[in-house]
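Please treat every number below as a calculation from the coordinates, not as lab data. Here the structure is a predicted model, which means the values were calculated and not measured. Cβ atoms come from the backbone with ideal geometry, glycine included; neighbour counts cover every protein chain shown.
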Amino acid sequence: MTHSLDRRMFLSGLAGLPLVAGTTHLMATETTPLHLPTDPSRGIREGWTIAVFPDTQNYAKYGKNQVNFERMCQWVAEHLDAWRISLVMHEGDFVEQNNIAEGGGRGWGDQHSESQWESAKRALSKLEDKVPVVFATGNHDYGFRNAETRETQVNDYFPLNGNKLVSDGQGGGILIETGKNGLGQHSLENAAYEVALPDGRKLLVIALEWGPRREAVAWAKELVHREAYRNHTGMLLVHDFVTPESKRDGQDGNRKRSGNPHTYPTGKQGNTHDGEDLWQSLVHDAPQFQLVLNGHEMGSHVGRRVDPNAFGTPVHQMLFNAQGLGGGSAEKGNGGDGWMRLLTFEPDGVTLTVRTFSPLKMDAGKSPWWNHPSWCFTLPLKPA
C-alpha cells in the first residue's frame, strides 16, 4: 500500500464525518466493523491490537467478582498471538477504596483495600512480562475511599520495574520517561511510552494521573513538543475526559457536575484538570495526538467525539466504561460483565477498528460482542 493511496483512503474516511451545524467539531461516524469473528479465538490475520480494560473497581471490591477480572486478563494472555496484542491499557480505578482496613459496606463492597489491590495485581500478573501494560490512575485509587488525598498504593503493586517489557531498569522496555506524582516521586502515574508498530508507525502514549495537576500537564506538554516525537501517533490515556453526552468534561463550563475532578478534595483548590482543561492546555496544541481514551463516567458508559487540533488533525476522544453493567455496584452484580475493548490498527495504515468483547458473555454461551455502533465501530487515522 503506497502512502498516496493511504492518504486518499484517510481523506475519504474524513469525508464521512459530518460537520454538525452551529459547532466546530466533527462528530464520529456510526459505522460497524467489517468483521466480528464468530470464533473470537481465531483472532485477526493482519493488523495490530491494543486491549483496553475499563474501570475494574467493582471486580476488586467484592470477593466473588475478583475472578472475573482474572478471567479477562487470562483471555488476553491466551490470545496475544491470535489478536496480535502488543499493548494492554487500563483506564484507572483499579480498586474501589485505596486504603481501608475493612470492607466498605453500603454498596462499596466487602473487601478491604489490601485484598482489592492484591486482586488487581493477581489478575494483571497473568500478563506480566508477556505484554506491556500501561495505565492511568482513577479517583478511587487515591486517598482512603475516593480521592481525599494524592496518596495511593498503586506504586506498591505496579512499580516502575514491575513489568520488564515496560521497564527493566536497564533501559529496556517501552517506557521513555516518567513525571513526578503529587508526592514528588517519579512513578508510572505520569508516564510516556513509545511503541513501534509493525507497519512502521510509532506510537507515543502519554498516561496521566487522576485529575492531572498543573505540574503533570506541564511535563507532558514539554515532552509532546520534542522534535523526536513530533511525527508519532499520539494517544492520551486518562481517567476523566469525555462524558456519556459525548462532550469533554467541563466543556460546558460546569465544573460542579458529579464526577468532575474539580469537585473532589484533590481538585477543590484548583490544581487539577478535567477533560476540557486537558484539551485546552495539552491536547489541542500537540502535533501528534489522534486518540484520547478514558473511563470513569457511567450513564450510557460510552461516548465519543472528534475535533481537529491546531494542526487540523482529527483527534478521536472515546469514553469506555462498563462498571455499572452486569449489576453494577450491587452485591448481586458481577462487576461489569467482563467487557473490554480491542483496538486494531488495520493493515491499510489508516483505519482503527474498535470492538467491544466479553469473555464472560462467551463463557455463558452468549454473544461475546456488543454489536452496536456505539460499542463497535471504525475510525480513520492519519497515515504514518
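Of note:
- Selection from 373, 300, 208 lying farthest towards where the dipole of the chain points positive, charges on Cβ: 373
- Rounded to the nearest 20, the size of the Cβ-charge dipole of the stretch 42-380 about its Cα centre is 500 debye, with Lys and Arg at +1 and Asp and Glu at -1.
- Packing-based ranking, highest mean first, of 198-208, 172-182, 254-264 given that Cβ atoms within 10 Å are counted: 198-208, 172-182, 254-264
- Out-of-range pairs (alpha-carbon distance over 25 Å; input 121/164; 256/361; 221/382; 202/247; 121/256; 61/268): 256/361; 202/247; 121/256; 61/268
- Packing here is the average count of other Cβ atoms within 10 Å per residue, and on that basis the peptides 93-106, 151-164, highest first, run 93-106, 151-164.
- Sorted on the mean count of surrounding Cβ atoms within 10 Å across their residues, most packed first, peptides 53-66, 266-279 read 53-66, 266-279.
- Dividing the alpha-carbon radius of gyration of the stretch 165-301 by the rule-of-thumb value 2.2 N^0.38 Å gives 1.07.
- Euclidean distance of C-alpha centroids, the stretch 103-137 and the stretch 39-83, integer Å: 14
- DSSP-defined antiparallel bridges as percent of all bridges, the chain, nearest 5: 65
- For the pair residue 222 and residue 67, label points projected 7 Å from Cα toward Cβ lie 4.9 nm apart.
- From helices alone, the chain scores -4500 deg cm²/dmol at 222 nm; the rule is -39500 (n - 2.57) for each run of n ≥ 4 DSSP H residues, then divide by the residue total.
- The Cα atoms of the chain cover 60, 49, 49 Å along the three principal axes, with the biggest extent listed first.
- Across the stretch 120-214 the C-alpha pair distances fall into 5 Å bins from zero in the proportions 3, 13, 23, 24, 19, 12, 5, 2, 1 percent.
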